[in-house]
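Before any comments, here is the structure.
Just so it is clear, none of the values below were taken in a lab; they were calculated from the coordinates. Note that the structure is a prediction, hence the values are computed from the model and not measured. Glycine gets a Cβ as well: all are built from the backbone with ideal geometry, and neighbour counts include every protein chain shown.
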Amino acid sequence: MTHRSNIIISTWRTAAEFTLTTLFWLAWIYLIMPLVSLLLWGLGVRLFVNEMFVRGGYEALIGELGNYSLVVLAMLVVTLIWVYWNLRRYGRHEMRTQQPAPVSLAEITKTTGLSSAAIKAIRTKKRMRIDYDGDDHPIIRTEDNS
């Protein structure tokens, strides 16, 4: 595969994951709203009793429990399929945790503009503060030279 096709696949995958996550959040919000309403009704006991018992609100709640159960079951099935796919794809050879190649001291000195001795001294410090000068070169401040 070329680099361009990898980017296209990555873009589509990111879009699909974002869409799926958004749909699940919307479904969760849709499912939680009756519970929020129930809690709010519970805070006003008379309103709760009036809506749920006198006006028959519990019948509507029982009627909707089937629909809510189907949505929760569908979310569970899709989540289990997603977990299964991830285990099949990444479970045996974890590709997402590969460590990058170490950076050599020469590369660090070239990029930062610091000397090898300064970088070696920095590595021995436990605490430091890094600022940048006008040319975007780091200025290292340790307890010794704060």
### Summary
For the range 120-133, in residue order, the Karplus 3J(HN,Hα) values (coefficients 6.51, -1.76, 1.60; θ = phi - 60°; whole Hz; Gly and Pro = x) are 5, 5, 4, 5, 8, 7, 8, 10, 7, 10, 10, 10, 10, 7
### Query
Fully extended, how many nm does the chain gain between residue 77 and residue 64 (0.36 nm per residue separation, minus their Cα-Cα distance)?
2.7 nm
### Task
Using only alpha carbon positions, build the gyration tensor of the range 27-87, then give the equivalent ellipsoid semi-axes as the square roots of 5 times its eigenvalues, largest first, whole angstrom.
33, 12, 6
## Note on the structure
Assertion target for 109, 22, ordered by fewest C-beta neighbours within 10 angstrom first, is 22, 109
